[in-house]
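The values are calculated or read from the model by the stated rules, or taken from the named source; none is laboratory data. Predicted model, so just to flag it, every value in this text is computed and none were measured. Using ideal geometry, Cβ is built from the backbone for each residue, glycine included, and neighbour counts are taken over all protein chains shown. We work out accessible area using only protein heavy atoms, side chains counted, and drop any ligands, DNA or RNA first. Shrake-Rupley method; radii C 1.70, N 1.55, O 1.52, S 1.80 Å.
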Amino acid sequence: MNNRILTNKGEGEARWSLPSIHPEGRKFGLIAAGITLLCFLVLPDIFGWLMAGLTIWTVAFFRDPVRVTPRGDGLVISPADGLVTQIMEVLPPPEMRGADGLGDAPLLRVSIFMSVFDVHVNRAPIGGTVKR
């Protein structure tokens with residue numbers, strides 16, 4: 001990689017930009033904004049300001065920033081923001097076992113705890129094809 005400073009989109013010199021909002025989160029943000037507007041129109045202002053804070057938190061919860069990750073064979077990238085809390089071998093769930101599933105051998109499970117301040121978008125940690 002060259003010495004250029006890249007943005008979170010992998011382009012040019014680094015500049016901050018607002019992250020996009022996940023499409024499923026937009027409806028929750030709009031609902032919260034509508035309730036906020038109603039609170040400002042009908043109730044005392046304190047309720048409107050409380051709802052404004054809740055609306056901002058709702059939109060921030062569903063942010064979906066672009067991630068620039070290293071590429072290469074044999075790499076496993078974390079699928080989620082957060083704190084790794086447990087790594088252990090476990091049997092696959094019964095509904096995913098069998099010859100056409102994950103098999104019956106123990107697999108490595110990595111548990112990641114996400115607080116309300118983490119980005120709640122899970123990504124595919126390994127490149128490949130989704131079969132089912």
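The C-beta contact set for the range 29-52 (first residue within 20 Å of ARG63 (Cα to Cα) and in contact (Cβ under 8 Å) with a residue 24 or more places away in the chain, second residue among the basic types (Lys, Arg) and exposed (fewer than 14 other Cβ atoms within 10 Å of the Cβ), distance under 6 angstrom, 6+ apart or interchain) is empty. Are any residues in the range 17-31 of a type outside the set (D, E, K, R) and either out of contact with any Ser or Thr (no Cβ under 6 Å at 6 or more places or on another chain) or open to solvent by 40 Å² or more (accessible area, probe 1.4 Å) (or both), and if so, which ones? Of everything in the range 17-31, those that are of a type outside the set (D, E, K, R) and either out of contact with any Ser or Thr (no Cβ under 6 Å at 6 or more places or on another chain) or open to solvent by 40 Å² or more (accessible area, probe 1.4 Å) (or both) turn out to be SER17, LEU18, PRO19, SER20, ILE21, HIS22, PRO23, GLY25, PHE28, LEU30, ILE31. Applying a threshold of 9 Å to beta carbon distances and a minimum spacing of six or more residues, or different chains, the list of pairs starting in the range 59-72 at a residue that is closer than 9 Å to VAL119 by Cβ and ending at one that is open to solvent by 50 Å² or more (accessible area, probe 1.4 Å) and among the small types (Gly, Ala, Ser) reads ARG63/SER20; ASP64/SER20; PRO65/SER20.
Scanning the range 87-106 for residues that are within 21 Å of ILE77 (Cα to Cα), open to solvent by 70 Å² or more (accessible area, probe 1.4 Å) and not in a loop (DSSP other than H, G, I, E, B) yields ILE87, MET88, GLU89. One residue is enough: does the range 32-48 have a residue meeting the conditions touching a Cys at 6+ places or on another chain (Cβ under 7 Å) and surrounded by 11 or more Cβ atoms within 10 Å (Cβ to Cβ)? Yes, the range 32-48 contains a residue that is touching a Cys at 6+ places or on another chain (Cβ under 7 Å) and surrounded by 11 or more Cβ atoms within 10 Å (Cβ to Cβ).
Would you mind stating whether VAL66 is surrounded by fewer than 13 Cβ atoms within 10 Å (Cβ to Cβ), part of a loop (DSSP other than H, G, I, E, B) and touching a strand residue (DSSP E or B) at 6+ places or on another chain (Cβ under 8 Å)?
Numbers: surrounded by fewer than 13 Cβ atoms within 10 Å (Cβ to Cβ): yes; part of a loop (DSSP other than H, G, I, E, B): yes; touching a strand residue (DSSP E or B) at 6+ places or on another chain (Cβ under 8 Å): yes.
Here the answer is yes, as VAL66 does meet what is asked.
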